[in-house]
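Here the structure comes first, spelled out in structure tokens, and everything after it is commentary.
The values are calculated or read from the model by the stated rules, or taken from the named source; none is laboratory data. Remember, predicted model here, so these are calculated numbers, not experimental data. Here the Cβ positions follow ideal geometry from the backbone for every residue, glycine too, while neighbour counts run over all protein chains shown. Accessible surface areas use protein heavy atoms only, side chains included; no ligands, DNA or RNA. Shrake-Rupley method; radii C 1.70, N 1.55, O 1.52, S 1.80 Å.
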Amino acid sequence: MSPYETFEHTADVGLRVQATNLPELFAEAGRGFLSLLVEEVDAVGEEQEIQITVEAECREDLLLDWLTELLFRFESDHLLLSRFDVKVGDHRLEARCWGETLDWHRHRLQNEVKAVTYHNLRVERCEGGWMAEVIFDI
């Protein structure tokens with residue numbers, strides 16, 4: 001079973017992620033986000049490495065800012081990020097990220113993600129670890 005899944009939400013799409021710990025939760029949220037952008041996540045290589053750091057007041061804001069940064073990197077640099085080594089504190093996230101520039105011949109885009117929203121945004125402990133839900137405006 002995949003650690004992330006999408007769900008329909010009116011004109012938007014939601015992403016639900018489960019993991020045993022917070023670093024894994026944020027990494028899987030990154031992969032889940034990629035699955036919204038492209039049809040085949042495994043077709044995205046790991047040719048480039050970048051560092052991303054975000055700071056926020058709470059875990060929910062940290063998740064929103066993390067995903068917003070991934071969206072920004074896609075929109076500004078056409079960078080698809082597919083693997084993440086994440087360190088998460090209460091107010092800070094540091095990640096090494098690997099991916100590649102969008103290749104129109106190999107990557108089929110699936111959705112145009114416009115924004116990450118605060119609507120029903122959740123990051124909470126659950127049985128077996130952590131769970132997050134986030135809704136994207138598409």
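For this structure, a couple of remarks:
- For the chain, the Kirkwood hydrodynamic radius from C-alpha pairs, put into Stokes-Einstein at 25 °C and a viscosity of 0.890 mPa s, yields a diffusion coefficient of 166 µm² per second.
- Between the Cα long axis of helix 22-37 and the first principal axis of the chain there is an angle of about 40°, rounded to the nearest 10.
- For region 113-120, 3J(HN,Hα) per residue [Karplus equation, 6.51 cos²θ - 1.76 cosθ + 1.60, θ = phi - 60°, Hz, x = Gly/Pro]: 7, 8, 6, 9, 10, 7, 4, 6
- Distance from region 119-135 to region 64-90 (C-alpha centre basis), Å: 18 Å
- Placing one equal scatterer on every Cα of region 80-138 and applying the Debye formula, the log10 ratio I(q)/I(0) at q = 0.27, 0.29 Å⁻¹ is -1.16, -1.14.
- Think of region 1-115 as having a plus end and a minus end, set by charges on the Cβ of Lys, Arg, Asp and Glu; of Ala27, Trp66, Thr53, Ala27 sits farthest toward the positive end of this dipole.
- Heavy-atom surface analysis with a 1.4 Å probe gives the chain a carbon and sulfur content of 45 percent of its accessible area.
- Per residue value of the accessible surface for region 22-61 (all protein chains in place, 1.4 Å probe), Å²: 46 Å²
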